[in-house]
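Remarks on the structure that follows.
Nothing in this text is a laboratory measurement; each read-out follows from the coordinates by a stated rule. The model shown is predicted, which means the values in this text are computed figures rather than measured ones. We place every Cβ from the backbone using ideal geometry, glycine too, and count neighbours over all the protein chains shown.
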Amino acid sequence: MKCALCSHERMEKQTNYIADLETCIVIVRGVPSFVCEKCQETYCATSVAKRLEEIVEAAMTEIAVVHDTERIA
Ligand SMILES: [Zn+2]
């Protein structure tokens, strides 16, 4: 599969997906993706992207979000 940006060949690779939301950050590890070796452009299949959405949504409801930066500092 060729890169959409630079036409370089993409490598099949497991990556970490990071969803930066307003109140928290959700990280999903070991996401099957295709990464361009030249420009690092990352592509994942539509089915994988859909599954990621579900995981992020589930994480938002199942994990309590600690949102108190003053106490940490
Ligand atoms: Zn590229």
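Annotations for the structure displayed:
- Cβ-defined net charge surrounding GLY30, 15 Å radius [Lys, Arg +1; Asp, Glu -1]: +2
- Neighbourhood charge, 13 Å Cβ-Cβ cut-off, centred on TYR17 and excluding it, Lys, Arg +1 and Asp, Glu -1: +1
- Within the same chain, lysines fewer than 8 places from LYS38 are excluded, and of the rest, those with a Cα less than 19 Å from its Cα are LYS2, LYS13.
- Förster radius 25 Å - calculated FRET efficiency between MET60 and GLU9, Cβ distance, rounded to 0.05: 0.10
- If you look at the Cα atoms of the range 7-51, you get an Rg and a Dmax of 11.7, 37 Å.
- Couplings 3J(HN,Hα) for the range 11-19, derived from phi with the Karplus relation 6.51 cos²θ - 1.76 cosθ + 1.60 (θ = phi - 60°), are 9, 6, 7, 8, 10, 9, 9, 10, 9 Hz, where x marks Gly and Pro.
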